[in-house]
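The values are calculated or read from the model by the stated rules, or taken from the named source; none is laboratory data. No experiment lies behind these values; they were computed from the predicted model shown. We place every Cβ from the backbone using ideal geometry, glycine too, and count neighbours over all the protein chains shown. The accessibility values were calculated without ligands, DNA or RNA, using every heavy atom of the protein model including side chains. Shrake-Rupley method; radii C 1.70, N 1.55, O 1.52, S 1.80 Å.
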Amino acid sequence: MKRWTEQQILSCLQQAANELEEFDTKQYTLWARSKDVPSLSTVIYKFGSWREAVQAAEIKMTYRYYSDEDILTALNEAAEELDVFTSQTYREWAKVAQAPSLTLISSRFGSWSNALREAKLQTTTARNNEERIIHALIEASAELERLTSQHYAVWAQEKGYPTVATIARKYGSWSYALFVLDIAPPKRKWDEEDVIAALRLAKHELNHFSILHYRKWAEGRNVPSTSTINALFGSWTAALKCLEEQKVMQ
């Protein structure tokens, strides 16, 4: 085991204080792991305590304790002041504003993303993504005769707009995105031909065709619901029978 002199230990402490955003026992221990420097136990053994060692190294401790509420308040203040709000721009802002560091935030909440969720904030990138989705859906509702996920998917691919999957991830589902933006397509009065056409398409696209599979397939699509099918044909079975009869006639 290497024997460290007091002067060597003090030099290492000063080096750590210069490199670390926050200088405490936890951060020093993490910093020392991959370096040929005295361990925390060695520092304490040599000087009696961490505080004594820091004083001997003439390091000014400017550490301030931040509560979770202090951190969340700082995040909200930064989001309001910064034109571009990201972890990197926050890091620079925090240095000037003497606010909680990015390291402390990630350590306290587990990650930067978790802290943003607690503060009910979005980064500039997330906000921009949501704005792109909103813009795309509003434009699609104006241009497309029928705003269904299938029609939108083709239209969006040509324009390079957010995909149906991206929209569903953001809002939970395609249908809920339309609901939130109040641009859901108006309900129409379905007839038997519409039902047969929808059943034919569903049967073609689904590996397993049943009322439950159809109901799942119909979510987010502008097609007759199972309740509409039952109302028009009397039952799901009767609708399928009619579908088969038309298939034979063709």
* Structure fact -> accessible surface per residue for the range 107-150, probe 1.4 Å, DNA/RNA/ligands not counted, whole Å² -> 59 Å²
* To do: Would you mind computing the Rg to Rh ratio of the range 77-181 from its alpha-carbon coordinates, Kirkwood style for Rh?
  => 1.12
* Asked: Lys159: which lysines have alpha carbons under 20 Å from its alpha carbon, excluding same-chain residues fewer than 8 sequence positions away?
  -> Lys170
* Percent RCO, i.e. relative contact order, over the chain, from Cα pairs under 8 Å lying at least 6 residues apart -> 11 percent
* Based on DSSP H runs of at least 4 residues, each adding -39500 (n - 2.57), what is the mean residue ellipticity at 222 nm of the chain after dividing by all its residues, to the nearest 500 deg cm²/dmol? -> -20000 deg cm²/dmol
* Centroid-to-centroid separation of the range 156-229 and the range 70-124 [C-alpha atoms, Å] -> 40 Å
* **J(HN,Hα) series, the range 224-238, from Karplus relation 6.51 cos²θ - 1.76 cosθ + 1.60, nearest Hz, glycine and proline x** => x, 7, 5, 5, 5, 4, 5, 5, 7, 10, x, 6, 5, 4, 5
* Given a cut-off of 34 Å, what percent of all Cα-Cα pairs of the chain lie beyond it? -> 50 percent
* Asked: How high is the relative contact order of the range 1-122, given as a whole-number percent (alpha carbon pairs under 8 Å, six or more residues apart)?
  -> 21 percent
* Asked: Roughly to the nearest percent, how much of the accessible area of the chain is carbon and sulfur, given a 1.4 Å probe?
  -> 51 percent
* Asked: Among Val84, Pro38, Asn230, whose Cα lies farthest out toward the positive end of the dipole of the chain, if unit charges sit on the beta carbon of Lys, Arg (+1) and Asp, Glu (-1)?
  -> Pro38
* Overall Cα dimensions of the range 94-134, principal axis frame, Å, largest first -> 35, 23, 13
* Dipole magnitude of the chain about its Cα centre, charges +1 at Lys/Arg Cβ and -1 at Asp/Glu Cβ only, in debye to the nearest 20? -> 820 debye
* Asked: Separation between the Ala168 and Cys242 pseudo-spin-labels, each 7 Å from Cα along Cα→Cβ, expressed in nm?
  -> 2.9 nm
* Sorted from largest down, give the three principal axis spans of the alpha carbons of the range 1-86, whole angstrom values. => 51, 23, 19
* May I ask you to evaluate 6.51 cos²θ - 1.76 cosθ + 1.60, the Karplus curve with θ = phi - 60°, for each residue of the range 189-199 and list the ³J(HN,Hα) values in order in whole Hz, giving x for glycine and proline? => 8, 7, 10, 4, 5, 4, 4, 4, 5, 5, 5
* Asked: What does the charge dipole of the range 81-159 about its Cα centre add up to, to the nearest 20 debye, if the Cβ of each Lys and Arg holds +1 and the Cβ of each Asp and Glu holds -1?
  -> 440 debye
